[in-house]
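The values are calculated or read from the model by the stated rules, or taken from the named source; none is laboratory data. Keep in mind that this is a model prediction, so the values were computed, not measured. Because the Cβ atoms are built from the backbone with ideal geometry, glycine has one as well, and the counts that use them run over all protein chains shown.
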Amino acid sequence: MKKRQGLLDAVVFSGGEPTLQSGLEAAINEIHQLGFKVGLHTAGMYPERLAQILPMVDWVGMDIKAPFEQYEKITGVPDSGENARISAQLLIKSGIAHEFRTTWHPQLLDKNDLMMLTHELASMGATHYVLQEFRAAGCADQKLLAANISTELSSTIATRISPHFEKFSMRTA
């Protein structure tokens, strides 16, 4: 990273779940000492660790997979929705710049569920939300791959979601 000083502004810790890494705090401190800002990508599965890390970061991107009560349907992990909810609340309360984002496939999360999620986040005080189109790369589930979702991810959805947030955007595959 010393070779990148003056070329980069920030370093983002991501991949898997960075809050699982025992050396994350030390790595963040090293990056700060080199003069870089720090970003974090997380799914919020470990709210206690996130709470420790939040004061050390400048920006957070948090993946929100479903309405919190439906998380287990997507993740297969009991109580994962409650952990995500707590992490989202911590992030909003922190005042740190952030975005919440959902990668959407209509076979996993229908439009009504997506709107439920939107309302949950907005009622918590979220101001920045991104809806991402599912990408087929790396997916082994043939049912998901067979669906044509580009037509589903339409301006109609954006029109329904955007009024709930100060900043809303869509990312396509």
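Can you say whether Lys111 is under 17 Å from Ala158 (Cβ atoms) and not polar (S, T, N, Q), as far as the supplied structure shows?
Spelling it out, Lys111 is indeed under 17 Å from Ala158 (Cβ atoms) and not polar (S, T, N, Q).
Looking only at residues in segment 2-18 that are among the charged types (D, E, K, R) and out of contact with any strand residue (DSSP E or B) (no Cβ under 7 Å at 6 or more places or on another chain), which one is surrounded by the fewest Cβ atoms within 10 Å (Cβ to Cβ)?
Only one residue tops the list, namely Lys2.
Restricting segment 104-129 to residues that are touching a residue at least 12 places away in the same chain (Cβ under 8 Å) and among the polar types (S, T, N, Q), which is farthest from Met45 (Cα to Cα)?
Gln107
Being at pLDDT 90 or above, touching a Gly at 6+ places or on another chain (Cβ under 6 Å) and aliphatic (A, V, I, L, M): is that true of Val12 here?
Taking the combined requirement at face value, the residue satisfies it.
In contact with an Asp or Glu (Cβ under 6 Å, 6 or more places away or on another chain), surrounded by 14 or more Cβ atoms within 10 Å (Cβ to Cβ), in a strand (DSSP E or B) and aliphatic (A, V, I, L, M) - does that describe any residue in segment 27-43?
Looking for residues that are in contact with an Asp or Glu (Cβ under 6 Å, 6 or more places away or on another chain), surrounded by 14 or more Cβ atoms within 10 Å (Cβ to Cβ), in a strand (DSSP E or B) and aliphatic (A, V, I, L, M), one finds at least one in segment 27-43, hence yes.
Counting only residues that are farther than 13 Å from Ile53 by Cα, assigned to a loop (DSSP other than H, G, I, E, B) and more than 19 Å from the chain's Cα centre (by Cα), how many does segment 5-26 have?
Total satisfying the criteria: 3.
Condition first: farther than 30 Å from Asn29 by Cβ and either hydroxyl-bearing (Ser, Thr, Tyr) or buried (at least 19 other Cβ atoms within 10 Å of the Cβ) (or both). Now tell me which residues in segment 66-104 satisfy that.
Matches in segment 66-104: Ala66, Pro67, Phe68, Tyr71, Thr75, Gly81, Thr102, Thr103, Trp104.
Assuming Leu114 fulfils every condition listed in (1) closer than 16 Å to Ser169 by Cα; (2) buried (at least 18 other Cβ atoms within 10 Å of the Cβ); (3) modelled with pLDDT of 95 or more apart from one, which condition is it?
(3)
Determine whether segment 89-103 contains at least one residue that is small (Gly, Ala, Ser), in contact (Cβ under 8 Å) with a residue 12 or more places away in the chain, farther than 14 Å from Phe165 by Cβ and part of a helix (DSSP H, G or I).
Within segment 89-103, one or more residues are small (Gly, Ala, Ser), in contact (Cβ under 8 Å) with a residue 12 or more places away in the chain, farther than 14 Å from Phe165 by Cβ and part of a helix (DSSP H, G or I).
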